[in-house]
1. Taking other Cβ within 10 Å of each residue's Cβ, how do T292, T405 sort, fewest first?
2. So what's the gap between the Cα centers of segment 546-599 and segment 394-452, to the nearest angstrom?
3. Between A528 and W60, 0.36 nm times their residue separation minus their Cα-Cα distance comes to what?
4. Roughly how many debye, to the nearest 20, is the charge dipole of segment 4-181 about its Cα centre, given +1 on each Lys and Arg Cβ, -1 on each Asp and Glu Cβ, and no other charges?
5. Which value in nm describes the separation of the simple spin-label points at Q2 and A535, placed 7 Å from the Cα toward the beta carbon?
6. I want the local charge near K656. Using Cβ-Cβ distances under 11 Å, sum +1 for each Lys or Arg and -1 for each Asp or Glu among the other residues.
7. Only Cα pairs under 8 Å and at least 6 apart count here; give the relative contact order of segment 43-192 as a rounded whole percent.
8. Over all Cα pairs of segment 573-627, how is the pair count split among 5 Å bins, expressed in % and running from 0 up to the last occupied bin?
Amino acid sequence: PQTIYLKDYTPPAYLVETVELTFRLAPAATRVVSRISFRPNPDATTKDFVLHGSDMSLLWAKIDGAEITPSISATGLTCEVPNAPFIWEAEVEIAPDANTALEGLYMSNGMYCTQCEAEGFRRITYYPDRPDVMAVFTVRIESDLPVLLSNGNPTGSGEGWAEWHDPWPKPAYLFALVAGDLIAHTGSFTTQSGRDVALNIWVREDDIGKCAFGMDALKKSMRWDEEVYGREYDLDIFNIVAVDDFNAGAMENKGLNIFNSSAVLASPETATDSDFERIEAIIAHEYFHNWTGNRITCRDWFQLCLKEGLTVFRDQQFTGDMRGHAVKRIVDAIDLRAFQFPEDNGTLSHPVRPESFVEINNFYTATVYEKGAEVIGMLKRLVGDAAYQSALDLYFDRHDGEAATIEDWLAVFEDSTGRDLAQFKRWYQQAGTPRITVTDSFVDGTYTLHLAQETPSTPGQSVKHPFVIPVAVGLLGQNGQEVVPTTVLELTQAEQSFHFEGLSGRPLPSILRGFSAPVILKQSQTGAEQAFLLAHDTDPFNAWEAGQNLARAGLTAMILDDAKPDRAFLDALRLAIADEEKDPAYRAMLLALPSQENLAQALFDAGHTPDPDRIYASHKALREAIANHCQAILSRLYDEHQLTGPFSPDASAAGKRALTNAALRYLSLSDGPSRAQAQFDTADNMTQQLAALSALLSIDAGRDALSAFEAHWSKDRLVMNKWFALQVASAEPENAVAVTEALTQHPAFNWKNPNRFRSVVGALPRNQAGFHRADGAGYRLLADWLIRLDAMNPMVAARMTTAFQTMSRWDAGRQAHMRDALRQIATAPGLSRDTAEMVDRLLG
Ligand code: B3K
Ligand code: ZN
């Protein structure tokens, strides 16, 4: 397979003015007629005319009305063309019902839908399928199905046909088509300049009751983008469609967003608070792409972070504004550490802007998305809020309608702030997570912080140069008062000292406030200092972080030295959760221990070989100790924060539920199943029901509740995904493989549905001790299933191989089993390019 390099980029040889497509839909034989006006690109370096295309048969092709015979390969075609503008016409036949990869035009439960990003359009018709070719699309759909949708505005429809026109030039990856027996939950929005936009969420009839929340989230997103970024919507209609079979979460096709049904459908009875929050964020994310992604797109796929990093950053800002910034920052840091740090510290490590790939779908990663967002957050911290806003205004102004690069993005900041960003650019080029080591001293009223940065080498990058790192710091005095408020230090050298003068006593530093950079901080803190910061730090992130550090230190001693649960941690935690000044959602975060995965990562970082069974046992023992130590206060929190009245998914109600449900889990350990059983029996919403079920399962008292849940929800596929995933997640380490295996035999296990596959087979790696069983059974189970899935759906299979990315962390025995499993995948006959590339990188 061919590796594609950023350095080899060349402009397209031909540009497209307009595209007219006619679809005659039929499951096994859809006809696509195209009429495309091309013109030679004056900036081209070649005159070769090449169109991408695969998995289709060409029926005929014409240039300027004269039939031609192109030379066709498995990936595209080429032919002679005039050295002047010309019209290409062609008709192809494709088979949506045979498309199990869910890329291009495919079928899901009798409905036609598309997924074209990154390179799915080439399975629909022959086309220059690259994002720097932008064109105006007109689409005609012919089908007996009642609802026929495409991008842009509707321009006409009749019995068995509909036409759409999208006035905004776009790359082919933003093309979409939907045809099905659907109904709409409708709404409307008036933009800031007074234009009315029709809004629709299209679903199957059974799901019409699950659209209200998504519609509300859409309107909030539209308003927010106007108020915060000055960005207005630009078509007469905005359509969202829910699809059951979907590889990703959702897709930002122009004017026609297509959503995994799990990322849009929600009702209080069927969705948890985390579902509501996730749905709100994904709807916002896809909507925000209209400007950051669609109006300004990417020149090539190496620039993916240009749209994804920025759009994630924007959706994080939005969620912070909607639900509170403190908790949002903690959640984002937890996720970054759980998903991006392992990627950055293993063989899959790659820069935020990769420099080569085999299959671009393998680069829709936590590094490109979440670290890409962190890089923008750092840029904003360095230049300040006002300068960020002017830079963004300039970006929209300068690049609207273009396919841009990271160089363009940085130039906008350089031009609007006068700042040289050459060194900052390393965040886009160098992979790996920087470590910052802190030492300090205090002499004659001057406090000195000495910061040293180092980034371990990553595949293909052995030498790392210093980054520009914004390190937000505050200093606390003896009584917890803030003697120096938050200041952003700019660490630009390998080692650098920062002085704070005129202090009356030695302060306690609070470093990397708000998680101001995606780095690993190494500082020696005593338990007493951590407890002090947990109690007094004015920065909510670092107060939480101090609690986590204290917990992690205690857990490490339990894991490595058989220590007893740390009394100081238990006391500090009890004090913190009793503080009624702190908001309930925040206290729920305090009650969550560092995950088992996080502990494995921390142990490995400190030079130990983690033992997943010991981590599991210590984690459990500390949870029991918390339950016993804090029983009285937990029981009070559980009672006092119960809600009455109708369910509301808003942040304040969700925060109370998060707190009572965190308490419930502990109380089940100390007091047994009665509270959880009662909550399960009376719950009128999924958050309460699922939390109760999960608490019951965690003490092995959930058998009846599990059956009752299944009996009640067997018809609801999204709820059943939770039922499957929860069992795998809560299985004891020695049972997890058997539980997963048994669930794959369940009549409702449909491995061809990505959501269901992810909720069973994909749930196993999240049960750390269960997956990393010493005999390798977890690895073998995953490998067997991935081989099977790969033949069907390479994209989802390839993604799930990342379960092996922590290989180097484990002991020799486990590593050998992981290697065997990967080799077994590598040698499977007919392995896809997607999975082959992943396994190759994983094997290092
Ligand atoms: N841009 C899409 C992701 C497409 C995934 C292609 N493998 C969704 C998003 O990031 O908004
Ligand atoms: Zn996105």
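Each reported figure results from applying straightforward, stated rules to the coordinates on display, with no laboratory input. Being a predicted model, the structure only gives us computed values, none of them experimental. Cβ coordinates were reconstructed from backbone atoms using ideal geometry, including for glycine residues, and neighbour counts include every protein chain displayed.
1. On the way: T292 26, T405 20.
Arranged by neighbour count, lowest to highest, T292, T405 become T405, T292.
2. Distance between centres, Cα-based: 33 Å.
3. Numbers: separation 468, 0.36 × 468 = 168.48 nm, distance 7.74 nm.
My answer for the length gained is 160.7 nm.
4. Details: 12 positive and 24 negative charges, 55 e Å.
Its charge dipole is roughly 260 debye.
5. About 6.6 nm, to one decimal.
6. Numbers: positive: R587, R657; negative: D273, D583, E640, D650.
Summing Lys and Arg as +1 and Asp and Glu as -1 gives -2.
7. Details: 293 pairs, mean separation 30.4, N = 150.
With pairs under 8 Å counted, the relative contact order is 20 percent.
8. Pair shares across the bins are 4, 18, 22, 18, 16, 13, 7, 2, 0.
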